[in-house]
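Below: the structure, in structure tokens.
The values are calculated or read from the model by the stated rules, or taken from the named source; none is laboratory data. In this text the structure is predicted, and so the values were computed from the model without any measurement. Heads up, the Cβs are rebuilt from the backbone with ideal geometry, glycines too, and the neighbour counts pull from every protein chain shown. Side chains are part of the model used for accessible areas, which takes the heavy atoms of the whole protein and leaves out ligands, DNA and RNA. Shrake-Rupley method; radii C 1.70, N 1.55, O 1.52, S 1.80 Å.
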Amino acid sequence: MTYYQLLRQRRISLNLTIEDVSSQTRLDPNFIRAIEEHNLDVFSNDYSFVRYFIHAYCDAIGVNWVVIQPEVDQDIHNFARSKNQALTQAQKKIASSMHPASSSKKKRTKNKSIFKWLSYKISGSYRFSRIIAIGVFALVILVVFNGVSDMMASRQQAAYQAQTEKELAEKEKETTQLAKQFQQEKEKKAMKLEVEDASENIWRIYNLSETKDITFTITLPEESTVAIYVDDQLVSGSETEVYKDKYSDTITVTSDCVIVLEIGTYSENKVTIEGNEIEFNEDNWYLDTPADYTFNVEYNQSKQTDQEEDNSQEAEVEEE
């Protein structure tokens, strides 16, 4: 499938009309139609802009420009060369069809002198040579003009390609920087989890200024009870009910607290908190006893409130 067939098929699959694409790219509908029909004559030999139009079309309908770029460049080069060859052939045909103007020769009477006859022959030869010289000169001018046009078109295309590549590099750099900033902001706002006492299976959860919900997910190789306590109060699971396969629940945190996760029958269970896997240390754990995970939660909202109150009081003092 050629690139222009691919573009048309992609547009149709998106249920877009040529006018829709024209409104999005601000390209003339005739240019879009010419691209899809591979009618590059519409561009009036100014092929330096064809590549730009096709690139804009790709961006509008989600076709990877980098993939079809070599085919587009080769196609434009072949089309321009074909047009130049056709023009050269036409010029040669015009030149070959040129012949000395025929003149009707009157019958000469026998009484004409040799001098007049020679003068006529010399004059006819001069006219013929002049016509040939004019034709050759015109052909040379056309060839030179085509060469200059090709050279200018090549320079324009090279300059446009260099500018396009520069703009793409700048956009890629900007996109990478924005993605990095977004990731940094996301990590800055994300909940933090670190080990406080590995031997006792105690962790610290902090940076909850925006994250108020903590999701616990426990895989259960064997049937077991699962209970989650917040400050010694049971908030999820059961001390008697048995669960199997997987247990998951979300705990809402509003202040500093201690969360204890108790698995009644521990058997290499997998515990994750907000996607972070928690490793259980079995050094101080005994077989056939519950496995306890302790999480000291530091909720930053109270600290933020105190800071806001301090700032408010400072502002009131300054106003006074």
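For residue 167, the accessible surface of its heavy atoms amounts to roughly 80 Å² (probe 1.4 Å, protein chains only, rounded to the nearest 10). Cross-linked pairs 246/270; 192/212; 212/244: Cα-Cα separations exceed 18 Å for 212/244. The heavy atoms of residue 49 offer some 100 square angstrom of accessible surface to a 1.4 angstrom probe. Compared with the direct C-alpha span, the chain from residue 24 to residue 67 gains 13.3 nm at full extension, assuming 0.36 nm per residue. When Rg and the Kirkwood radius Rh are both evaluated on Cα atoms of segment 1-61, their ratio Rg/Rh stands at 0.93. Kindly state, to the nearest 0.05, the FRET efficiency for residue 255 paired with residue 222, given R0 = 35 Å and r defined as their beta-carbon distance. So the FRET efficiency works out to roughly 0.50.
Taking 0.36 nm per residue of sequence separation and removing the Cα-Cα distance, the residue 248/residue 95 pair yields an extension gain of 46.2 nm. Per-residue extension of 0.36 nm, minus the Cα-Cα distance of residue 164 and residue 194, leaves a gain of 6.0 nm for this segment. With all protein chains kept in place, the per residue accessible area of segment 1-54 amounts to 59 square angstrom at a probe of 1.4 angstrom.
When 226, 143 are compared by accessible area of protein heavy atoms, the largest-first order is 143, 226, using a 1.4 Å probe. Figure note: 131, 94, 214 ranked by solvent-accessible area, largest first, 1.4 Å probe, ligands and nucleic acids not counted: 94, 131, 214. Note on surface exposure: 55, 77, 38 rank 77, 38, 55 by accessible area, highest first, 1.4 Å probe.
Using a probe of 1.4 angstrom and keeping all protein chains present, the accessible surface of segment 230-282 works out to 61 square angstrom per residue. Note on residue 1: accessible area approximately 150 square angstrom, rounded to 10, probe 1.4 Å, nucleic acids and ligands left out.
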